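Below is one structure; the comments refer to it alone.
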Amino acid sequence: MSERKEEGIIRKALSGFYYVQCGGELITCRARGKFRYQKQSPLVGDRVTITVQGDGSGSLDEIQPRRNAFRRPAVANLDQLVIIASGAIPVSDPYLLDRIISLAESKGCEPILCINKWDLVPAQELLEIYRSAGITTLPVSAVTGLGIEELRALLAGKTSAFTGNSGVGKSSILNALDPAFGLATGEISEKLGRGRHTTRHVELFPVAGGLIADTPGFSAFDNEKGGEPLEKEALAETFREFRPYLDQCRFIGCAHVKEAGCAVLEALEAGKLSPSRHRSYVRLYELAKETKPWEKP
């Protein structure tokens with residue numbers, strides 16, 4: 001059988017092999033050497049052109065233009081980021097949620113917040129903060145099934161990644177969506193108040209007419225300096241509820257931190273914006289100011 005060209009999407013990358021979905025076929029590929037010389041790495045989620053050899057193996061030839069790309073974890077072309085939070089142990093830190101939401105917004109990727117363990121702690125205040133910010137937010141329970149069908153509908157026809165700090169129940173929700181995943185859910189460490197890492201690599205799984213990635217976690221959840229730093233001038237745009245006020249400030253180049261005549265601060269004072277979200281913005285702004293040029297992607 002002669003070789004042929006195919007187009008597909010990288011479903012998994014592991015130990016130098018790329019597993020490319022082409023229609024109903026999953027083809028194991030090696031990347032051509034030119035990617036190394038071009039300092040370009042294929043990512044899970046990349047749409048690619050491959051050559052399929054007569055023996056069924058493949059070589060990865062071209063990476064098509066990306067919609068977006070994330071560094072850690074290495075994944076591309078996400079339509080949406082499903083962020084799993086929890087009001088029960090481990091309680092999610094709103095600042096870390098806001099870092100991930102801001103990152104998603106900066107990449108043109110729709111954030112969806114799922115507050116899991118609603119059966120244990122109904123985190124109503126957290127729900128209201130993010131719904132009032134215009135972010136799709138669902139109360140969810142992997143145990144009772146609350147919110148699972150609404151989430152399934154949001155996944156249809158999209159490429160999504162699941163993320164959240166350890167122990168909030170990412171794998172449990174994936175199992176609730178499709179028990180065939182059979183993902184290890186791990187146990188919560190009561191001593192640390194957080195879960196053990198149970199996911200080892202990035203992989204896309206078909207579910208609900210879409211593709212979803214369970215990932216080892218976005219580095220913004222790991223530490224103060226983790227994640228991909230944003231330009232401080234672009235940061236306010238990633239807080240969608242700030243946008244109506246950004247061109248109403250008295251001075252051009254307003255940082256929206258403590259400036260006189262700032263329309264964002266006036267909206268905050270008037271109760272139109274969440275104090276929690278603005279505190280996160282200020283912390284992220286200070287972090288962006290400290291970021292050295294060589295630390296930026």
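In the chain, Cα pairs under 8 Å separated by at least six residues give a relative contact order of 15 percent. Solvent-free Debye calculation, one equal scatterer per alpha-carbon of segment 86-155: log10 I(q)/I(0) at 0.24, 0.27 Å⁻¹ equals -1.16, -1.32. By the Cβ distance rule of under 4.7 Å, the chain has these cysteines without a partner: 22, 29, 109, 114, 262.
Under 5 Å between amide hydrogens, built in the peptide plane, is the criterion, and for residue 62 it picks out 49 among residues at least 5 positions away or on other chains. Between the C-alpha center of segment 13-33 and that of segment 87-158 there is a gap of 32 Å.
Rounded to the nearest whole Å², what accessible area per residue is found for the chain with the 1.4 Å probe?
On a per-residue basis, the chain sits at 49 Å².
Taking the charge dipole of the chain about its Cα centre, with +1 at Lys and Arg Cβ atoms and -1 at Asp and Glu Cβ atoms, the residue from 19, 102, 255 reaching farthest to the positive side is 19. Across q = 0.10, 0.11 Å⁻¹, segment 50-167 modelled as identical point scatterers on its alpha-carbon atoms has Debye log10 I(q)/I(0) values of -0.38, -0.44, in the order of the q list.
If one takes the longest principal axis of the Cα atoms in the chain, at what angle in degrees, from 0 to 90 and to the nearest 10, does the Cα axis of helix 275-290 lie? The angle comes out near 70 degrees.
Put a plus charge on the Cβ of each Lys and Arg, a minus charge on the Cβ of each Asp and Glu, and nothing anywhere else: the dipole of the chain about its Cα centre is then about 760 debye. Spin-label pair residue 39-residue 125: with each label point 7 Å from Cα along the Cα-Cβ axis, the two points sit 4.7 nm from one another. Proximity of backbone amide H atoms, modeled 1.01 Å from N, is registered between residue 249 and 263 at under 5 Å, excluding neighbours fewer than 5 places apart on the same chain. For the chain, a/c is not less than 1.5, where a ≥ b ≥ c are the root eigenvalues of the C-alpha gyration tensor, and a/b does not top b/c. That puts it in the oblate class.
The modelled label-to-label distance between residue 283 and residue 72, using points 7 Å beyond Cα along the C-beta direction, is 1.8 nm.
Dipole of segment 67-163 computed with +1 at Lys/Arg Cβ and -1 at Asp/Glu Cβ about the Cα centre; of 120, 91, 156, farthest Cα towards the positive end is 156.
The values are calculated or read from the model by the stated rules, or taken from the named source; none is laboratory data. All values derive from a computational prediction rather than experimental measurement. Don't worry about glycine lacking a Cβ; one is built from the backbone with ideal geometry, like all the others, and counts go over all protein chains shown. Keep in mind that these areas ignore ligands, DNA and RNA; they rest on the heavy atoms of the full protein, side chains included. Shrake-Rupley method; radii C 1.70, N 1.55, O 1.52, S 1.80 Å.
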